[in-house]
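Structure record follows, encoded as structure tokens.
The values are calculated or read from the model by the stated rules, or taken from the named source; none is laboratory data. Keep in mind it's a predicted model, so treat the numbers as computed, not measured. Note: ideal-geometry Cβ built from the backbone for every residue, glycine included; neighbour counts use all protein chains shown.
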Amino acid sequence: MTAWSFDPPLGQEQALKLLAGDLERGRLAHAYLFEGPEGAGKATLARSLAARMLCRAPGAACGRCHACRMLAGGNHPDVLELPREVTELRIGRFMDRPGVKSESVDHQPLLDFLRFKPMEAERRIAIIPDAERMRSEAANAFLKTLEEPPGSPLILLTVVSRDRLPATIVSRCRLVAVKPLPPEKIAAELARRGLSSGADARDLAMAAEGSLGMAMRLAGGDALELWRWLIGEGFAKPGAPAARMLAERLQAFGSGVDSAGKRDSAVAALDLAALAVRRMLRGTLDARKGAECLAVLWEAADRVRRNVAVDLALSSAAYSLMAAMK
């Protein structure tokens, strides 16, 4: 399990108040679905709720008691958080099934974890970040657990949009809206962390569109320069010339980044290009062409995350963009 931080999520006071109210009234739901933009604090909110339940001190988690120290070390026996680095959540993550190969040798299926009685806490807690990664058979297996969970666990899911999950799962969860952060809050946090300041921080905050996580990923390197080009001349005149210019920029970006951070930088570049396209859709860009461009960029980012060669993924995206913008 990943080690935890006890810092509250930035700018999510309303969601924190809702969760605190459920706890104080003793009316905690058995499942919560945190919905909001990537990098806006969904996982942090889920962890905050879990920590507040497990901590022995009143109010927010103290970070010092035995339960908090186990959480901080990532080894609390009553908490299971599914890994975020897995691109797909298959049925093996949720239940053992004869003939189905487990995704790894060290993971514990969710159902097995929930079957056992808590060792330290009153309830077992399962966290499923980026729940839209569930494949259909995994979602069906999880739904059965959600409908009739063994014991009385607390199940916490995060998702960018509820539309990416089956309605049957969404209807069985208490929905918690995680709002995009105002640009000024993001810029201030970037400055506080020493990642960026001044005009650079403001531009990063605007590019991130409410996601602190996105802004932090974009800080440094060539990402900011790419963004300024995109919102400047890059899509000033939608059409094939703009697509060719974007294709050249993406290819140059992919070949110019350092090898250690090449994959993350490529995803950041594709995310920025998608942000630029979405902004153009609010203005003069044809809706059909814009949708095709977004599909190309999202597919390319997914391919990079799945370990396809970065240069190949960006080159393929470049040619597809040129075809879409004709």
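So for the stretch 27-47 (the condition being over 18 Å from L156 (Cβ atoms) and either outside the structural domain of C173 (by TED's automatic domain parsing) or surrounded by fewer than 20 Cβ atoms within 10 Å (Cβ to Cβ) (or both)), does at least one residue qualify?
Checked the stretch 27-47: no residue is over 18 Å from L156 (Cβ atoms) and either outside the structural domain of C173 (by TED's automatic domain parsing) or surrounded by fewer than 20 Cβ atoms within 10 Å (Cβ to Cβ) (or both).
Can you tell me which of (1) outside the structural domain of L71 (by TED's automatic domain parsing); (2) under 26 Å from A273 (Cα atoms); (3) not β-branched (V, I, T) is the one R192 doesn't meet?
It fails just one condition, (2).
For R164, only one of the following conditions fails: (1) more than 25 Å from S211 (Cβ to Cβ); (2) in contact with an Asp or Glu (Cβ under 7 Å, 6 or more places away or on another chain). What is its number?
Looking at each condition in turn, R164 falls short on (1).
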